[in-house]
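See structure below.
Any read-out appearing in this document is the output of simple, stated calculations on the displayed coordinates, not a laboratory observation. The structure displayed is predicted, hence computed values, not measured ones. No Cβ is skipped: glycine too gets one built from the backbone with ideal geometry, and neighbour counts run over all protein chains shown.
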């Protein structure tokens with residue numbers, strides 16, 4: 001019996017090790033945006049790097065996709081966030097890193113169709129081979145990262161607390177408040193919130 005329990009424990013530990021084997025370290029606060037000069041194809045047909053899209057006060061990066069229920073539940077906020085970011089001279093980009101689904105639900109054609117239907121007003125780019133997601137340590141769709149004028153990380157995590165509440169209504173608008181603070185040159189608090197969403201489908 002004792003041997004069986006030891007075997008079960010060993011299998012569980014190995015399972016956890018395998019589950020976390022592919023995890024990349026989460027980008028640290030104050031770190032500069034990695035791969036900021038790498039061009040990524042946009043749904044418009046143009047190609048942009050993070051450096052191309054940053055504005056005077058920084059850049060908002062959201063890892064997103066076409067089908068995740070969490071994205072579908074939050075994406076009505078994207079145009080509002082873009083307006084707010086523009087008002088505070090902060091760039092914004094959506095990044096699709098689901099390379100494993102690139103021939104299906106997250107193909108470029110599917111991205112174009114989804115962006116049109118959802119009313120996206122910001123660049124929506126392909127992260128080929130999920131390189132940017134790996135460099136950021138991005139874990140979910142959505143997963144938010146915001147950088148200041150020096151392209152140093154100042155906020156990461158969630159859009160709001162909608163999925164923390166039974167009512168599925170947001171009470172704390174983390175990202176909107178972070179954008180306001182960054183635009184005003186104030187400290188962002190909280191700067192680190194819990195990301196919730198579907199796993200990024202890496203190759």
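Could you check the spin-label model distance between residue 49 and residue 23? Points 7 Å from the Cα along Cα→Cβ, value in nm.
About 3.2 nm separates the two model spin labels.
With each pseudo-label sitting 7 Å past Cα toward Cβ, what's the residue 121-residue 152 distance in nm, one decimal?
Here the answer is 3.1 nm between the modelled labels.
Among 176-183, 69-76, 151-158, 89-96, how do they line up by average Cβ neighbours within 10 Å per residue, starting with the highest?
89-96, 151-158, 176-183, 69-76
Between residue 112 and residue 35, what length in nm is gained on full extension when 0.36 nm per residue of separation is reduced by their alpha carbon distance?
Values: separation 77, 0.36 × 77 = 27.72 nm, distance 2.40 nm.
Roughly 25.3 nm would be gained on extension.
Could you compute how fast the stretch 76-203 diffuses translationally, taking Rh as the Kirkwood radius over C-alpha pairs and applying Stokes-Einstein at 20 °C with viscosity 1.002 mPa s? Give it in µm² per second.
On the way: Rh = 15.5 Å.
Taking Rh from Cα pairs, D becomes 138 µm²/s.
Run the simple label-point estimate for residue 189 and residue 168 please: 7 Å along Cα→C-beta, distance reported in nm.
That separation, rounded to one decimal, is 3.4 nm.
May I ask what percent, to the nearest 5, of DSSP beta bridges between residues of the chain are antiparallel?
Working: 16 of 26 bridges.
DSSP beta bridges in the chain are roughly 60 percent antiparallel.
Sorted by mean Cβ packing within 10 Å, highest first, what order do the peptides 107-119, 184-196 take?
Ranking, from highest mean packing down: 107-119, 184-196.
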